[in-house]
1. Put +1 on the Cβ of each Lys and Arg and -1 on the Cβ of each Asp and Glu in the range 2-114; which of CYS17, GLN106, ALA47 then has its Cα farthest toward the positive end of the dipole?
2. For the chain, treating each Cα as an identical point scatterer without solvent, what Debye log10 I(q)/I(0) comes out at q = 0.13, 0.17, 0.20 1/Å?
3. So what J values fall out for the range 2-12 if you push phi through Karplus, 6.51 cos²θ - 1.76 cosθ + 1.60 with θ = phi - 60°, rounded to Hz, Gly and Pro as x?
4. Would you tally the net charge around GLN45, using a Cβ to Cβ cut-off of less than 15 Å, leaving GLN45 out, and scoring K and R as +1, D and E as -1?
5. Once the Cβ-Cβ distance between LEU24 and VAL2 is put in as r, and R0 is 22 Å, what FRET efficiency do you end up with, to the nearest 0.05?
6. Hey, what do the phi angles of the range 71-76 turn into as Karplus ³J(HN,Hα) couplings, whole Hz, using 6.51/-1.76/1.60 and θ = phi - 60°, x for Gly and Pro?
7. Defining a contact as two alpha carbons under 8 Å apart and six or more residues distant in sequence, what relative contact order in percent does the range 2-114 show?
8. Could you please report the charge total around PHE19, scoring K, R as +1 and D, E as -1 over all other residues with beta-carbon less than 15 angstrom from its beta-carbon?
Amino acid sequence: MVGRIQDEEGRVVCERCTFARDPLRRMRGLLGRKGLAAGEGLLLQPAGSVHTFFMRFAIDVVFLDRERRVLRVVEGLRPWRAAAARGARTVLELGAGEAARVGLRQGDILAMEVQ
């Protein structure tokens, strides 16, 4: 499933976001990819932590709670690292630098729209 994610002010955070809601898609994640294009992302649900083992590129990781409120933004998580956030239920993975480019901050609330 693919959709778009925007903040409460209507700014687009992720234009082409793939939703990974089943165990197999969450487990595969971004493995085998060479990168993410601008405006592209992966939403892992449910998830409270991520790792970049075996990945080839850095990512921005956005942790969301049940209400889709941003709990934490980890910018430029390099390969062979892990990150988590207490209370996170969903994780949005973006290309490195995308979170800053779109102005994501802790406390923002995101909306998801299936295309």
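1. Selected residue: ALA47.
2. -0.40, -0.72, -1.05
3. Karplus values, whole Hz, x for Gly and Pro: 10, x, 10, 10, 9, 8, 5, 9, x, 6, 6.
4. Residues near GLN45 contribute +3 overall.
5. Calculated transfer efficiency: 0.85.
6. 8, 7, 10, 10, 8, x
7. RCO, the range 2-114: 31 percent.
8. Neighbourhood net charge equals +3.
Quick note: the coordinates plus some simple rules give every number you see, no bench work behind them. This one's a predicted model, so the numbers in the text were calculated from it and none came from an experiment. Positions of Cβ are backbone-derived with ideal geometry, glycine not excepted, and every protein chain shown enters the neighbour counts.
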